[in-house]
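Here the structure is laid out as structure tokens; the discussion comes afterwards.
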Amino acid sequence: MADDTGDKEKQGAVGTPHGQPTPEAPGYFEGESMTRRRVFTVAAQGVGGLAGMAIALPAIGFAVAPIFSREDETWEGVGPVADFDAATYKPVVFTIVEDIGEAGKTLAYVRKGDEKLEEDPGEYIAISTRCAHLGCPVRYVEAAGNFICPCHGGVYDFQGKVIGGPPVRPLDRFQTRVTNGKVELGPRYSVTSQLEPVRTRDPGEFTGGIWEYLYPPRPSTPPAP
Amino acid sequence: MNSRDKEQYLQEYEVLKKKGKPFFPYAVMKDSVMMLVVAIVIVVMALVLGAEQGPKADPTTTTYVPRPEWYFFFLFEVLRVIKPPELVPIATIGIPTIAMMLLLLLPFYDRNPERAPQRRPIATTAGCLTIVAMAYLTYLGASAGAPDKIEMEVAAEYEEGKQFVAQSGCLACHKIGENGNDGPGPELTEIAQQIPRAAIYRSLQIGPGIMPSYADARPNEINAAADFLATLD
Amino acid sequence: MKFPDQLIPAPLRKPAKPGQNGHGNGSAPANLKDSPPERQADSQKLLDKAKEAPIDVAGWVDQRTGATSFVTGMLYRKVPKGTNWFYTLGSATLFAFAMQALTGVFLSMYYTPSPVEAYGSITHLTNDVFLGEFVRGTHKWGASVMTILIFLHMGRVFFFGAYKYPRELNWVIGVVLLILTLVMGFTGYLLPFDQRSFWATVVGVNINGTGPVVGPYLSDFLRAGAEFGPSTLSRFYAIHMLLVPGLMIALIGAHMYLVVKLGTTAPPWVRGAKPKPSRTVERVNAGANGRNGHNGASANGHSRVNGGNGRRVGKDDESQRE
């Protein structure tokens, strides 16, 4: 009988299910707060969490990394200075993403700066064919002097500003420079409705003012000129 | 649905289940027949319609007209008709997200314990309207013509004018027949009824308002265009 | 339908009651001297054993897995009265998914997910491989058929009110499956890498980018960069082949588990016998009035032949007999 009561005491001696120490436990002293059960619970969760992180974090990092990596800037020559004039656009094809063959090429419309439009005649303007609404390829229509998008009816004027349809900002441009008498095209940049350059944005994203914060620039894009 | 309705439903369900038939072979037979029908339909479509490859992907194109797969046509049509730029994010993100939320949370805001369609008028009407709207938008998206063609039969002498009008971006702002956009310019399908040819020619010359001027085009081109537009009545 | 004895493993069979002829293990013929048991030819014994072999195999598996009760529970469960052809849309969608998975596996044996080589691999598959164009066509049209079927299935569930208690979770899983199906269509569409694929994908990814704050990062994530680059196609391929099918298979499993556990609904125009409170009240009143003394004790809602109102009870009987 005495043994039974001793057993019962021992059964209750491990503490409550939550790991709170009880006075019957051997070695109990006033103010004790840690039990073996608690130690093991926390350790199991901690070590298990570490093991889970060891698998999950690299995987997530791998998937998310492209958001933070930026390609080096490349400049490509598209023709001698004499090829381009201020009155009309000339389409040129150049490579915007290396190593994927034809899928990395894009088209740009290039012209000389026009004094009548308050542009520097020594600067060249290269307009991207990516519509600022959702990215369809726009076409320059010479007779009308504007760019038309086939998808949802966006229309841009000679400088690329929106004159009709749903596009949210003017057409993107490419940085230009002249090296050894050849015009070279560089990274892409976007413009506000006043044609101020900003870092490149995806189609459909407003630019300028508060929109710079609602559609923040991404680390994967090159800085604006 | 309070707990009394729930209990009542469960009791009724038990009764109906007891009176039912075993899943195998009765329901399995119907399922198998339907599976066979589905298999036959897919195979016949594959054999008859085939799988042609289009031209290779070319990011440098300026003439291609992108279109999505048919089951996204309703979304494409919504994007096409929402013209003001401020409303674009609503059409691209707002409407689909709201639709998804409505669909996902349906059992939580539809508290009516009734199930028969005739006893749930709101749900039935909303469902039918949604189906009709989606079907109509899909049809509109499918029949949206390319923006650089005018699908209209014209006499041979107006063909040149028609091609010039089609290729010069007029359809970006004007609707001509089935093609083109509803704005910002007025519809030209019956323009000859409204203004004389001389007025059409002048519009092309000066480009009233935000319309660009076509004065730089060759004279025979503008004349051909005006001739063609003057036949639209 | 009684579960045939032969399919139950031997140790679980109920022993034959004494006096049953024929099937029991231990029944002996009444007169052993006059009608001795016939001896079977050896070939006959083998034939009998061969016929029992599949049953023995099933028994072997069942003793080690306990699978028989699961399979018989699933196969022989009752579906409610009134189940009609509309209910086949769900399994038709599952079948279309299985066809897509199967044809997709075969297509992936020939496809190269590189922007330079994708188009060429599809040309090779279509023109040079035996039945290549057919498998490609099946996969392409199967996608459209599956989209149609999943919308029809969802419409059926909606109009039958089958998403209400207790099946709300099943509906939520189903809507997630619908969204995943559309994602499969979107990602798979890029893989042939022709003009239509490329531009539809460009526009689709840009649509994602229009969401405020998060949008630009989301489209960067999908495209693996600011422009359509070398990793974009392989990213879409991994999503289409591994990520979304894995999620779909898990969710389809959960969806089907709930369907088997909760049961399919009956069509809403089929009503069972609902216990009407007014009838109970009437019977209580009749019993309290003491028209039939011994009925007072049983006036608690059970249907009886001699009830308070003969007409209504008669209807009750009819519905029980159906």
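The values are calculated or read from the model by the stated rules, or taken from the named source; none is laboratory data. Since the structure is predicted, the reported quantities are computational estimates derived from the model, not experimental observations. FYI the Cβ positions are ideal-geometry reconstructions off the backbone, even for glycines, and counts take in every protein chain you see.
Okay, here's what the table says:
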| item | result |
| --- | --- |
| Enumeration of residues in the stretch A:130-168 that are over 26 Å from B:Asn223 (Cβ atoms) and in contact (Cβ under 8 Å) with a residue 40 or more places away in the chain | A:Arg130, A:Cys131, A:Ala132, A:His133, A:Leu134, A:Gly135, A:Gln159 |
| Qualifying residue in the stretch A:154-169 (condition: assigned by TED's automatic domain parsing to the domain that holds A:Val110, under 19 Å from A:Phe84 (Cα atoms) and not in a loop (DSSP other than H, G, I, E, B)) | no |
| Any hit, the stretch C:76-94, residues being within 30 Å of B:Tyr13 (Cα to Cα), aliphatic (A, V, I, L, M), in a helix (DSSP H, G or I) and at the interface with chain B (Cβ under 8 Å from one of its Cβ atoms) | yes |
| Qualifying residues in the stretch C:81-98 (those that are of a type outside the set (Val, Ile, Thr), buried (at least 16 other Cβ atoms within 10 Å of the Cβ) and at pLDDT below 90) - the one nearest to C:Phe159 (Cα to Cα) | C:Gly82 |
| Residues located in the stretch C:115-147, provided they are more than 7 Å from every other protein chain (Cβ to nearest Cβ), more than 18 Å from B:Leu36 (Cα to Cα), outside any loop (DSSP other than H, G, I, E, B) and in contact (Cβ under 8 Å) with a residue 12 or more places away in the chain | C:Ala118, C:His124, C:Leu125, C:Gly132 |
| Residue ID - nearest to the other protein chains (Cβ to nearest Cβ), chosen from residues in the stretch C:62-75 that are surrounded by 14 or more Cβ atoms within 10 Å (Cβ to Cβ) and either in contact with a Gly (Cβ under 6 Å, 6 or more places away or on another chain) or over 17 Å from B:Phe23 (Cα atoms) (or both) | C:Asp62 |
| Count of residues meeting criterion [more than 8 Å from chain C (Cβ to nearest Cβ) and modelled with pLDDT of 90 or more] in the stretch B:106-116 | 1 |
| Residue list for the stretch B:165-204, restricted to those being at pLDDT below 80 and part of a helix (DSSP H, G or I) | B:Ala166, B:Gln167, B:Cys170, B:Leu171, B:Ala172 |
| Neighbours by Cβ (under 6 Å, 6+ apart or cross-chain): first from the stretch A:81-106, over 19 Å from A:Val138 (Cβ atoms); second part of a helix (DSSP H, G or I) | A:Thr95/A:Gly104; A:Val97/A:Gly104; A:Asp99/C:Pro230; A:Ile100/C:Pro230 |
| Restricting the stretch B:48-69 to residues that are within 7 Å of chain C (Cβ to nearest Cβ) and more than 30 Å from A:Leu107 (Cα to Cα), the residue that is surrounded by the fewest Cβ atoms within 10 Å (Cβ to Cβ) | B:Leu49 |
| Which numbered condition B:Thr92 misses (of (1) facing chain C (nearest Cβ under 7 Å); (2) without any contact (Cβ under 8 Å) to a residue 12 or more places away in the chain) | (2) |
| Subset tally (residues that are farther than 15 Å from C:Phe193 by Cβ, more than 11 Å from chain B (Cβ to nearest Cβ) and in contact (Cβ under 8 Å) with a residue 40 or more places away in the chain) for the stretch C:98-114 | 2 |
| Residue, farthest from B:Glu52 (Cα to Cα), within the stretch C:206-232, restricted to residues that are among the hydrophobic types (A, V, I, L, M, F, W, C) and more than 8 Å from every other protein chain (Cβ to nearest Cβ) | C:Val214 |
| Boolean, B:Arg119 is within 10 Å of another protein chain (Cβ to nearest Cβ), among the basic types (Lys, Arg) and closer than 30 Å to B:Gln8 by Cα | yes |
| Qualifying positions in the stretch B:176-233 - within 24 Å of A:Gly165 (Cα to Cα) and hydroxyl-bearing (Ser, Thr, Tyr) | B:Thr189, B:Ser203, B:Ser213, B:Tyr214 |
| Sole exception among (1) aliphatic (A, V, I, L, M); (2) modelled with pLDDT under 70; (3) not in a loop (DSSP other than H, G, I, E, B) for C:Ile55, by number | (2) |
| Search result, residues across the stretch A:25-53 that are more than 30 Å from C:Ile239 (Cβ to Cβ), of a type outside the set (S, T, N, Q) and in a helix (DSSP H, G or I) | A:Arg36, A:Arg37, A:Arg38, A:Val39, A:Phe40, A:Val42, A:Ala43, A:Ala44, A:Gly46, A:Val47 |
| Residue list for the stretch C:185-195, restricted to those being within 7 Å of chain B (Cβ to nearest Cβ) and either surrounded by 21 or more Cβ atoms within 10 Å (Cβ to Cβ) or within 22 Å of B:Gly94 (Cα to Cα) (or both) | C:Gly185, C:Tyr189, C:Pro192, C:Phe193 |
| Enumerated helices (runs of 4 or more DSSP H) restricted to the stretch B:1-118, each holding at least 1 residues that are within 30 Å of C:Gly263 (Cβ to Cβ) and touching a helix residue (DSSP H, G or I) at 6+ places or on another chain (Cβ under 8 Å) | B:28-49, B:95-104, B:106-109 |
| The stretch B:214-233: number of residues that are surrounded by 15 or more Cβ atoms within 10 Å (Cβ to Cβ) and under 34 Å from the mean Cα position of the chain (by Cα) | 12 |
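For every residue, the table says whether it meets (1) of a type in the set (D, E, K, R); (2) more than 8 Å from chain C (Cβ to nearest Cβ); (3) surrounded by 16 or more Cβ atoms within 10 Å (Cβ to Cβ); (4) touching a Leu at 6+ places or on another chain (Cβ under 6 Å).
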{"residue": "A:Tyr189", "(1), (2), (3), (4)": "no, yes, yes, no"}
{"residue": "A:Ser193", "(1), (2), (3), (4)": "no, yes, no, no"}
{"residue": "A:Thr200", "(1), (2), (3), (4)": "no, no, yes, no"}
{"residue": "A:Ile210", "(1), (2), (3), (4)": "no, yes, no, no"}
{"residue": "A:Leu214", "(1), (2), (3), (4)": "no, no, no, no"}
{"residue": "A:Pro225", "(1), (2), (3), (4)": "no, yes, no, no"}
